[in-house]
Each structure stands twice: as C-alpha cells, then as structure tokens.
Amino acid sequence: AQSVAQPEDQVNVAEGNPLTVKCTYSVSGNPYLFWYVQYPNRGLQFLLKYITGDNLVKGSYGFEAEFNKSQTSFHLKKPSALVSDSALYFCAVRGDYGGATNKLIFGTGTLLAVQP
Amino acid sequence: DGGITQSPKYLFRKEGQNVTLSCEQNLNHDAMYWYRQDPGQGLRLIYYSQIVNDFQKGDIAEGYSVSREKKESFPLTVTSAQKNPTAFYLCASSIYQNTEAFFGQGTRLTVV
C-alpha cells in the first residue's frame with residue numbers, strides 16, 4: 001500500500017537560514033513524488049515534482065527537493081528561508097504501476113514557521 | 001482564466017440535510033478528485049474520477065456521493081449519513097497519472 005510520512009509536525013527556522021522539511025514514502029513500483037504548499041484557508045499550490053531523471057529537483061519560489069531511492073525520501077529544501085515561506089507543506093506520492101488510476105496520497109503536513 | 005473553481009467558499013448545513021459542493025475545471029483534465037482536510041490529519045481522499053461517467057471510492061467515501069456527467073464538473077454531495085461532515089473540502093484535477101494535481105480554493109462546510 002502507498003503511504004507518505006512527514007515526521008515533523010512543525011519546523012522552526014530563522015529567516016536567512018537553510019530549511020529542510022522531511023518526507024519519506026512507501027509505494028509499489030517507481031514513485032511519482034510531489035510537494036505542495038498551503039496558506040491559511042486556501043487550496044494547495046504545487047511546488048515541484050519528481051518523476052524520473054536528476055535526483056535534485058528545482059521548483060517554485062527557490063525550493064528544491066532531493067530524491068533518495070535507497071532511503072525512500074524526498075526532503076524539501078531551501079538555502080535561505082523567508083518569513084513569507086511560513087505555511088503548511090504537504091508531501092504526496094503516487095505509484096507508477098499500470099492499470100487503474102493510482103491514487104495521490106498525501107502526508108499529514110508540516111507547518112513551517114520562519115522567525116524574523 | 002484557467003483553473004479549478006469551487007463554490008461556495010463557506011457552507012452551513014443543518015443536521016439531517018444533504019448539501020452539494022460544486023467543482024468546475026476548464027483545464028481539460030481527465031482526472032478529478034475530492035479530498036477532505038481535518039486539522040492534524042492531512043488530506044484524505046473521498047472519491048476520484050478518471051473519466052466521464054466513471055468514479056471510484058477513496059479511503060473515506062461513506063456518507064458522500066459524486067457524479068461525473070461532464071468532463072468539467074465533479075460535484076460532491078455530503079449526505080445526512082456522514083456523521084461528522086464539518087471540514088475543509090478540496091477538489092483537484094490532473095491530466096492523468098504521473099502529473100501534478102491542481103487544487104481549487106476549497107469549501108469550508110460547517111454543520112450547525
């Protein structure tokens with residue numbers, strides 16, 4: 001069965017410091033991995049995805065994520081955090097097994113708080 | 001202006017009533033999804049549809065129903081059988097399997 005784990009409910013970081021939001025996954029076959037961000041009372045906005053190819057994926061707003069197959073991880077990173085990055089971040093996974101639509105499964109979310 | 005539109009943004013329901021949440025997309029996407037979001041539980045899949053006139057139950061389908069009569073539309077009905085309907089409901093769509101999903105702005109449903 002597919003699953004996603006975001007082990008930290010909240011991550012606190014000072015503005016200007018690097019940030020990491022962790023995600024690990026379990027899926028049959030090769031994974032399709034996604035990161036989304038959600039601001040209060042809004043829908044989710046797509047940040048980046050890994051389908052195949054380079055393990056380091058670059059996305060919107062300066063975010064990037066590193067796919068690590070041996071550790072089944074897809075951590076979100078940014079070299080220098082901004083106060084405006086404060087939001088709820090979701091990792092999601094879908095398997096590549098053929099046949100019927102594969103469900104997009106989300107983690108429980110990590111609240112990122114960037115202090116000025 | 002392309003995207004996914006959910007309406008209404010806020011909805012109040014009396015106990016025992018059915019309500020229908022609207023989701024419309026003009027992205028020409030095949031797949032559409034409904035998720036429920038509760039604090040601390042992330043997003044849970046209610047129903048999804050790959051194609052017109054076809055849909056499958058997600059992980060928490062009990063007390064909900066959907067239809068997919070048009071490619072652009074995927075309305076969700078919260079029935080009186082849903083024991084705890086107060087939540088934030090999100091609709092999404094994607095071209096198909098390995099592509100990202102795009103989300104609407106959500107509908108906050110409150111039972112009064």
| message | Using the Cα centre of the protein assembly as shown as the reference point, and only Cβ charges (+1 on K/R, -1 on D/E), how large is the resulting charge dipole? Debye, rounded to the nearest 20. | response | 340 debye
| task | Compute the Rg/Rh shape ratio of the protein assembly as shown: radius of gyration over Kirkwood radius, all on alpha-carbon atoms. | result | 0.97
| Computed label-point distance, nm, for sites A:ALA113 and A:TYR39 using a 7 Å Cα→Cβ extension | 2.0 nm
| A:LYS77 versus B:ASN84: modelled label distance in nm, points set 7 Å from Cα along the beta carbon direction | 3.8 nm
| remark: Across B:42-53, the residue-averaged tally of Cβ atoms belonging to other chains within 10 Å stands at 3
| message | Let me check I've understood the local charge: for B:VAL111, count other residues with C-beta under 13 angstrom from its C-beta, Lys and Arg +1, Asp and Glu -1. What total comes out? | response | +3
| query | If you stretched the chain out fully between A:ASN30 and A:SER60, how much longer would it get, using 0.36 nm times the residue separation minus the C-alpha to C-alpha distance? | reply | 8.4 nm
| request: Within a 10 angstrom radius of each residue's Cβ in A:44-55, how many Cβ atoms of other chains show up on average? Whole number is fine. | output: 2
| request: Report, for chain B, the % of DSSP beta bridges that are antiparallel, rounded to 5. | output: 90 percent
| remark: Of B:GLU62, B:GLU100, B:GLU15, the most mobile residue in a GNM of chain B (C-alpha springs, cutoff 10 Å) is B:GLU100
| query | Among A:LYS22/B:LYS71; A:LYS22/B:LYS70; A:LYS58/A:LYS103; A:LYS78/B:LYS70, which pairs are too far apart, with a Cα-Cα distance over 29 Å? | reply | A:LYS22/B:LYS71; A:LYS22/B:LYS70; A:LYS78/B:LYS70
| query | With a sphere of radius 12 Å drawn around the Cβ of A:PHE34, what net charge do the other residues whose Cβ falls strictly inside it have (Lys, Arg +1; Asp, Glu -1)? | reply | +1
| Can you work out the FRET efficiency for the pair B:LYS14 and A:LYS69, with r the C-beta to C-beta distance and R0 = 45 Å, to the nearest 0.05? | 0.30
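Quick note: the coordinates plus some simple rules give every number you see, no bench work behind them. Note that this is a predicted model, so its numbers are computed, not measured. No Cβ is skipped: glycine too gets one built from the backbone with ideal geometry, and neighbour counts run over all protein chains shown.
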